[in-house]
Amino acid sequence: MKKRPAEITSMVINYTILIILAISTLYPFWHVLMYSISDSRAAMSGGFFLWPRDFSIKAYQLLYRTRMILTSYGNTIQRTVLGTFLNLAFSASLAYPLSLKRFRLRGFLTMMIFFTMLFSGGMIPTFLLVRELRLIDTPWALILPTLVSPFNMFIMRNYFQSLPASLEESASLDGAKPLRILLSIILPLSLPVIAALGLFYGIFHWNSFFDGILYINDPQKQVLQVFLRNIITVTAIGSTTTIEDRALGAGLSEESMKMAAISASIVPIIIVYPWLQKHFVKGVLIGSIKG
C-alpha cells in the first residue's frame, strides 16, 4: 500500500526526533570514553570528541595499576551478584503468596508493604540498627537493608497474577506443595520479569556508593563506586600518593583520570544490558499492567 505524503512527512519527523534524542543520550557516554583514551594534551584543548585524539590508554594503565581498584571491583561484583540473587529470591518469596486470592492476609500485608513506600524509618535509625546488628564493615550492611524493594515486588506479584491459575490448580491436585509450585512452575514461566527486575537490582547495587560510605570503613572492603568517587574528587589513590601526583608524574591530566574512572564504572553495565534486553520490556509491561 502506497503511503500518503502526510504519512511520509510524519514518519520523517518522528524518526528525526528519535535520532536526535538517541544522539543526545548516547553522546555524553561516547564523549567520556573518547576523552579517556585520548592523549591528555590533545584532550585538554576541549571541544567535541567524536573520536580519540592521539590515542592513548595511559589513564587506564595508571588506574588499573592500583591494586585497590581490583579489590574494589571484587567487592562490587560480590555485592552485585549476591545482592541481586537475594533480592530476587526474597521478592519472589513475598510476591507469590500475595498473588494468591485465597491467601487471607493478602490485603493487610499488601497495605503494610505499600505503607513502607510512603514512609520509612529514616537514615539515622537505619544506621543505628545496622550498627547494633554488628554489620558495619561487612557486605551484609550493603545488602540486608535493601533486601526487598516494594515497587519491584509489586511488579513481580502482578506478573504472577497474570499467569493462568489452572497451572497452579493442576499442580496442587497432583500433590505439589506451594514451594514446589513456585520453584517448578511459577519461576520458570516468569523469566521476563525476573530478568527485568534482576537488571534493576543489579544496576542499583553496582551504582550504589552512599551506603558504602556509611557502613564500610575498611578500605579493603570498599566498593568500586566509593573508590572511583575518591578519584573523581581527587583524594588519595594509595597510602601516600594522590591521584593528582600520579597523574602529573605520568604526564596525565586529572580530567583524563576522571574520565577513565567514569568509563570503568559504566562499561560493565553497558555490556550486560544487551543480554537482558529481550526480556526487559516484556517483563516490565506485563508486570505493571495487571493488578
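The values are calculated or read from the model by the stated rules, or taken from the named source; none is laboratory data. Keep in mind that this is a model prediction, so the values were computed, not measured. When we count neighbours, we look across all protein chains shown, and the Cβ atoms used for this are built from the backbone with ideal geometry, even at glycine.
Residues that are of a type in the set (S, T, Y), under 30 Å from L228 (Cα atoms) and either assigned by TED's automatic domain parsing to the domain that holds G198 or not in a helix (DSSP H, G or I) (or both) occur at least once in the range 77-99. The helices (runs of 4 or more DSSP H) located wholly in the range 164-221 include none with 3 or more residues which are charged (D, E, K, R) and closer than 19 Å to L82 by Cα. For the range 90-117, a residue qualifies if it is within 24 Å of N207 (Cβ to Cβ), aliphatic (A, V, I, L, M) and surrounded by fewer than 13 Cβ atoms within 10 Å (Cβ to Cβ), and exactly one does: M117.
Looking at R102, is it touching a helix residue (DSSP H, G or I) at 6+ places or on another chain (Cβ under 9 Å) and among the basic types (K, R)? Answer is no for this residue. Being within 26 Å of Q78 (Cβ to Cβ) and either touching a residue at least 60 places away in the same chain (Cβ under 8 Å) or charged (D, E, K, R) (or both) is the filter here, so list the residues in the range 191-203 that pass it. Hits for the range 191-203 are L191, V193, I194, A195, A196, L197, G198, L199, Y201, G202, I203. Just one of (1) over 16 Å from G83 (Cα atoms); (2) part of a helix (DSSP H, G or I); (3) modelled with pLDDT of 90 or more fails for L144. It is (1).
Evaluating Y215 against the criteria (1) buried (at least 20 other Cβ atoms within 10 Å of the Cβ); (2) within 10 Å of T76 (Cβ to Cβ); (3) not hydrophobic (A, V, I, L, M, F, W, C) leaves one unmet condition, (2). Any chance you could count how many residues in the range 1-32 are at pLDDT 90 or above and outside any helix (DSSP H, G or I)? Total meeting the criteria: 0.
For (1) closer than 30 Å to P150 by Cβ; (2) of a type outside the set (G, A, S); (3) at pLDDT below 80; (4) in contact with a helix residue (DSSP H, G or I) (Cβ under 9 Å, 6 or more places away or on another chain), each residue gets a yes or a no:
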residue	(1), (2), (3), (4)
L224	yes, yes, no, yes
I243	no, yes, yes, yes
S253	no, no, yes, yes
Y273	yes, yes, yes, yes
V281	yes, yes, yes, yes
S288	yes, no, yes, yes
